[in-house]
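The values are calculated or read from the model by the stated rules, or taken from the named source; none is laboratory data. Keep in mind the model is a prediction, meaning the values are calculated, not measured. Neighbour counts are summed over all protein chains in view; Cβ atoms, including those assigned to glycine, are modelled from backbone coordinates with ideal geometry.
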Amino acid sequence: MSLDVYVMPMWRFKAGDAETAVQQLGGDKALMITPGGILSWKRFKASLSRFQAKRQVRRIVAEAEKELNIRIEWNDEGNVVHSQQASWGFEALRAYAKWLDLQDCFPTFDDPPENNFYKHPALIWKEDRRTFRFSHIIDHDCYSGYYVPCRFDRVVYVEPFQSFGRFTFHHSFGSSYTLAAQLDTLEKYLPSNVDSKVSADSCNPILAGFNTLKELASKSIEHQLPIIFWG
């Protein structure tokens, strides 16, 4: 499952004003990616207006502020400073980050069933009594959500949507600053090729996910723009 990743103003994303990484490499310039899918240029011109898109962003921010009980704001203007397609996802990194606090239950980080990290025992482990050091990585579903350049401690869930006919899902909403801090701490625990606790096949997606999130967090903070995942 492919995943498009951006660092850009959220309202521009909501208005469909973003080229995919494929288009930037010389793909079909008549197509644009929008939250509703891939649209032709003509349909894009008739999509959300700037006013409508900004209203959607304000609604998302209001939901997050209510959950966190803090003020959330950033200057949501500027250019698309990052666009890429990440085919590997971030589930391996999320599973590994959670496993670091579960080694009493799982002494080694083994390959997941069916090569699907969503099914990794560490990621699906449920134990509410534990506090995980890397919760901003673990709790954020990077296939549908945002990290914004504001400071707060926990991931919240906003902007409900329907999928698979009748199921309600939410977009994850996290802080680029907290993400960057947790990545800095996690870095010293990254597996190496000689790490006997981690299988060799698992190392590559863990490191790929880490390096991508590290770059995204840095750009989000530098440009004061959200990270947006769409997959």
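Remarks
- Met8 being within 18 Å of the chain's Cα centre (by Cα), at pLDDT 50 or above and surrounded by fewer than 17 Cβ atoms within 10 Å (Cβ to Cβ): no
- All of (1) touching an Asp or Glu at 6+ places or on another chain (Cβ under 9 Å); (2) not in a loop (DSSP other than H, G, I, E, B) hold for Arg130 with one exception: (2).
- Within the stretch 142-178, being under 21 Å from Phe117 (Cβ atoms), in a loop (DSSP other than H, G, I, E, B) and touching a Lys or Arg at 6+ places or on another chain (Cβ under 9 Å) holds for one residue alone: Cys142.
- Selection from the stretch 42-92 of residues that are basic (Lys, Arg), at pLDDT 95 or above and more than 22 Å from Tyr143 (Cα to Cα): Lys66, Arg71
- Residue in the stretch 151-206 that is farthest from Val57 (Cα to Cα), counting only those that are of a type in the set (Asp, Glu) and surrounded by fewer than 17 Cβ atoms within 10 Å (Cβ to Cβ): Asp195
- Only residues that are in contact (Cβ under 8 Å) with a residue 24 or more places away in the chain and either touching a Ser or Thr at 6+ places or on another chain (Cβ under 7 Å) or among the charged types (D, E, K, R) (or both) were counted across the stretch 128-143, and they come to 6.
- First in the stretch 53-70 and assigned to a helix (DSSP H, G or I), second anywhere and loosely packed, with under 15 Cβ neighbours inside 10 Å and β-branched (Val, Ile, Thr), Cβ under 9 Å, 6 or more apart: Ala64/Ile70
- Taken over the stretch 58-82, residues that are under 14 Å from Arg151 (Cα atoms) and of a type in the set (A, V, I, L, M) amount to 5.
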